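This report refers to the structure that appears directly beneath it.
What follows is calculated from the coordinates using simple rules that are stated; it is not laboratory data. All values reported here derive from a predicted model rather than from experimental measurement. All Cβ positions, glycine included, derive from the backbone under ideal geometry; neighbour counts span all protein chains shown.
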Amino acid sequence: MPKEMLPYLLTMVLLMIGVYGIVVKRNIIKIIVGVIITEYAVNCFLILQGYRDGGIAPIMTADMNTATFVDKSVDPVPQALILTAIVIGLGTVALMVALAIRLYEKYGTFDISEIRRLQG
Amino acid sequence: MNQRSGMTLIVKTITRMVAAFIATYGIYIVLYGHLTPGGGFAGGVILACGFVLLFLAFGKDFALEILSQRGTSIWDCLAAFAFLAIALLGYIGGTFFYNVIAKGEPFHLVSAGIIPLANIAIGIKVAACLFGVFIALVLFRMARSPEEMEEE
Amino acid sequence: MEVLTVPVLYILLFFMILGSIVALEARDLLSTVIAIGAVGYGLSIIYLILNAPDIAIVQVVVEVLVLVILIRATVTRDDTTYGQPRDVFALASALVFAGLFLGFSYYVFQWMRPFGSPLMTVAKDYLAQGLEATGAANYVMAVLLDFRAYDTLGEATVIFTSIIGAYVILRSIGRKRRESAFRDDAHS
């Protein structure tokens, strides 16, 4: 594997930490935090895909001509898609927190194995 | 203003100073989204953060007087319909989301056709939406008394 | 400045990995929330050095709201779960899956474009024609609201739905419903 791939591998490690949190942890807040970490890792991976060495931000100023801009700018498409994904992530986190508060009021605990036992 | 609700005097004074700047910055980010970094999503979240700051510093009565829970729902739906209307406006030019308005001169505030209008709609929508969910998270539980919680 | 980009990127990625481990393993829920905030701010600096200022702004302000919402969920609630994972099977399967996934991704990365030289077949056209086609100087907004505006419409729908869901979950039960619920409890 070439050395340039190391950032991708690090984001994959971050993704796996998030999955570990979702699967192994018992506390609901920890599970929500695992989901947030997973989301960060995926967003970061997609932005890394669009990066260009020595590039500039995809925002044009009046003193640039288009040809040099096309040669230098980083990829704007992943940035535009991640921009919406971040805000959606906030909406889903709010929904998950609402569910967690509701479960806490019903059962008096954040522990999901405890909740499962109380229910059945 | 009610001195007893909300946080301490220091927080209230600082909030009174910075609240207008936060609102101005949010509106700037929304309006100049097609020229500089920012846009409807970022500006909308900044405006929502400003409302959350007012809510936390001055208590619920003060913040809900400015923008009530009903108000957030109405603004949210209006902005969503405005965005859809901008999309449908494209049928004048032939397709959905067609940029029908004149492009204007680049690098000026009035340019880029429908993009600033869509930015404004999305900014209002995101701000109202996120402040609404914050109200839902904080207020709906506070409205019930502890005895009611005990009953369940 | 350009020489520094990659080392700073590595430092920030290691910082994020450490921060997320701390967030998942901390005893106190408030420490968890603070650690996830640190991870998010590190991520926003990564976006800034990767020439994505739009996303850096959004990430910073979204992180503030996530912190407020998570603190709202955790504060004044006592945490009862310490230590122990759910069960040994979950821990073992998670570790095995993580190992397999990392091995396969290591294998797959050989065929991907190396970091720093993206394949921009579509984006080249967007960059070349964007200014004449849309008139917007910020190309992220040009893609978001003109070339790919359908995605934005879908996003608006998704966030609308999630807010409606939160309202429905959190709304207090009406008096009539609550009385009937109590009657059912008495019967059962």
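Just a few scattered comments:
- Structural descriptor for chain B: relative contact order 28 percent, calculated from alpha carbon pairs under 8 angstrom and at least 6 residues apart.
- Dimensions in Å of chain B - Rg and Dmax from alpha carbons: 19.1, 65
- From least to most packed, judged by other beta carbons within 10 angstrom and beginning with the fewest, B:Cys77, B:Cys49 follow the order B:Cys77, B:Cys49.
- Inter-site label distance for A:Ile88 and A:Asn65 at 7 Å from Cα along Cβ, in nm: 4.1 nm
- Dividing the convex hull volume of the alpha-carbon atoms in the protein assembly as shown by its residue count gives 174 Å³ per residue.
- For segment C:26-48 versus segment A:55-78, the gap between their alpha-carbon centres in whole angstrom: 32 Å
- Label sites at C:Phe14 and C:Ala90, each approximated as a point 7 angstrom past Cα along Cα to Cβ, lie 3.2 nm apart.
- As a proxy for reagent exposure, B:Val45, B:Val138, C:Val122 were ordered by neighbouring Cβ count within 10 angstrom, fewest first; the result is C:Val122, B:Val138, B:Val45.
- Expressed as a whole percent, the proportion of Cα-Cα pairs in chain A lying more than 25 Å apart is 45%.
- Extent along the principal axes, Cα only, for segment B:1-65: 44, 19, 13 Å, with the longest axis given first.
- Förster-model FRET efficiency, 45 Å R0, C:Tyr150 and A:Glu105, C-beta, rounded to 0.05: 0.70
- Per-residue Cβ neighbour rank within 10 angstrom, fewest leading, A:Ile115, A:Ile101, B:Ile92, B:Ile122: B:Ile92, A:Ile115, A:Ile101, B:Ile122
- Quotient of C-alpha Rg and 2.2 N^0.38 Å, computed over segment C:1-82: 1.25
- Listed residue pairs exceeding 30 Å between alpha carbons, taken from A:Lys72/B:Lys125; B:Lys103/B:Lys125; A:Lys30/B:Lys12; A:Lys106/B:Lys60: A:Lys72/B:Lys125; A:Lys30/B:Lys12
- Based on C-alpha pairs under 8 angstrom that are at least 6 apart in sequence, segment C:1-82 has a relative contact order of 28 percent.
- Efficiency of FRET between B:Ser68 and B:Val18 - r from beta-carbon atoms, R0 25 angstrom, step 0.05: 0.60
- Here B:Val110 and B:Asp61 are evaluated by their C-beta separation; at R0 = 41 Å the FRET efficiency comes out at 0.55.
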